[in-house]
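Input: a single structure, listed below in structure tokens.
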There are 2 protein chains.
Amino acid sequence: MANETENMQGFSPIDFLRTRSLANVVQHEIERMIVEGEFTPNERINENALAQQLKVSRGPIREACSALAALGLIQVIPNRGFFVRELSEDEARDVSEARAYIFACMTMSVAERITDAEVARLRVLVDRMDALAKTGEVSQYYPVNLEFHSELARMCGNARLAQIYLGLARELHIQRYRALASGDVLDISNREHRAIVEAVAARDPQQAFTAGRAHIVNGTSRTRRASVALRHGSD
Amino acid sequence: MANETENMQGFSPIDFLRTRSLANVVQHEIERMIVEGEFTPNERINENALAQQLKVSRGPIREACSALAALGLIQVIPNRGFFVRELSEDEARDVSEARAYIFACMTMSVAERITDAEVARLRVLVDRMDALAKTGEVSQYYPVNLEFHSELARMCGNARLAQIYLGLARELHIQRYRALASGDVLDISNREHRAIVEAVAARDPQQAFTAGRAHIVNGTSRTRRASVALRHGSD
DNA sequence: CGACAAAAAATTGTTGACAGTTTACCAAAA
DNA sequence: TTTTGGTAAACTGTCAACAATTTTTTGTCG
């Protein structure tokens, strides 16, 4: 129809046409709102208000929330509604630990199957991060770091493992356990990257597992320390 | 209320009642139908027919299917409906491998934190399975085997890891990669159980990881062999 | 007889309305 | 002032109807 192009804002028209179901669009919109803080943890999602705001009826809203509940991002309490899920201290610890384990498994798998060409590709990324860490360019370091991690996820040759890893990372991201990096932290982090690359280059699965797990565990405690420092600083 | 305390088994009855919306009931019903073969892989789920059969309207059906789609059990094709998801050969391999990795992480974690009392509890289970394997009582062996695995999941001290493990196991179960056991297979399988117990009893995480991974990997190939044999036998 | 187009049927997508439950509010009594 | 009881508003749970799309059937022409 002609007016399809009117009411799409922020979405590419291709995506809009691919998943024409409103529920799907709504789901991604709610996800975005949670990530960007328009919904706070434990807040109730008012179906009527959201329906009015997004100009749809409650049906698609409820379908989207059901899906997000299954994904663990939303909690449902019968007769009271959908609530943005907040991880307890214990749950956050479990998710972080699980993420470390699964990342370790990924690097282990990479060590068992990596080619020389792939080793070279990882080395390029680590070298580039080294240079950026030296100059302290956090904003440029971050995307390369992301690429390094997703490159490993691809190389592990197990799409499901990678998917689980990304899901856990997203959950932590939503809960505002975000990586906050300063100069020397970048350097330490990249030294761990190098340890991973050397382990997989040596085709040593044990060592790769250990290095991978250590990287996430250390990263988690670095993030936690930074966020505690921030909290004390701003109070 | 007075009768709250009466019929609580495992979890509180208040939770039981609180999670009962029609959509939730329908979700479990569809799940059951898939597991028990009333829906075959790739079959379309007819919303009207199912609504009539379950005596509800299409709203709850769609909410339930959205949730199952998020869980990966159902596939959505816009304007064509919900389809029972079938794992491809590659996907099934990935899921099996991921399950092995995560079980290995669980046993590794158990080795790092297990108490003497818990070691004793595991030994009791393995001994009991040994006795049942000798007599070849498959139907009695199976529940003890299940208890052994869930006991390990509990002991690993990470609810999220355990949840992921169970999700993967369920997915494979639904896809009919089921454990089919005969006498000597039981014996071999339980020898692997014993290897896991000895590794965690020695507080050796490395060894526990190896033993745990091997158990699932071997179990998968045993199941696969059995199912191939069955298929050839029945054709 | 087969290919193709048009009509009909079946099915999904979406909406608004109504019933049942929870929450908020307010007045009266202790 | 606090508590209690009851009423009204807000909200969720469910449904049936309508719109849009896909699939099946039917009819026509080569």
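In this simple spin-label model, placing a label point 7 Å from the Cα along the Cα-to-Cβ direction at both A:ALA226 and A:VAL35 gives a separation of 1.8 nm. Projecting 7 Å from Cα along the Cα-to-Cβ direction, the label point of A:SER88 sits 4.1 nm from its equivalents in the other copies, listed shortest first.
If you take the square roots of the eigenvalues of the alpha-carbon gyration tensor of region B:14-84 and sort them as a ≥ b ≥ c, do you get rounded (a/c under 1.5), prolate (a/b over b/c) or oblate? Prolate. Taking every residue in A:57-69 and counting other chain Cβ atoms within 10 Å of its Cβ, the average works out to 5.
A label point on A:SER150, set 7 Å along the Cα-to-Cβ line, lies at 3.9 nm from each of its counterparts in the other copies, closest listed first. Taking 7 Å steps out from each Cα toward its Cβ at A:ASP130 and B:ASN48 produces label points 6.7 nm apart.
Rounded if a/c is under 1.5, else prolate if a/b beats b/c, else oblate: with a ≥ b ≥ c from the C-alpha gyration tensor eigenvalues square-rooted, which is region B:89-234? Cα axes put region B:89-234 in the oblate bin.
Label-to-label distance for B:GLU137 and B:LYS55 is 4.0 nm, based on points extended 7 Å past Cα in the beta-carbon direction.
The alpha carbon gyration tensor of region B:105-149 gives principal lengths a ≥ b ≥ c with a/c of 1.5 or higher and a/b greater than b/c, which makes the shape prolate.
Using +1 at the Cβ of each Lys and Arg and -1 at the Cβ of each Asp and Glu in region A:89-234, identify which of A:THR210, A:VAL95, A:ALA162 lies farthest towards the dipole's positive end. Towards the positive end, the residue furthest out is A:VAL95.
Quick note: the coordinates plus some simple rules give every number you see, no bench work behind them. Not measured: the values here are computed from a predicted model. Positions of Cβ are generated from backbone atoms using ideal geometry, with glycine treated the same way; all protein chains shown enter the neighbour counts.
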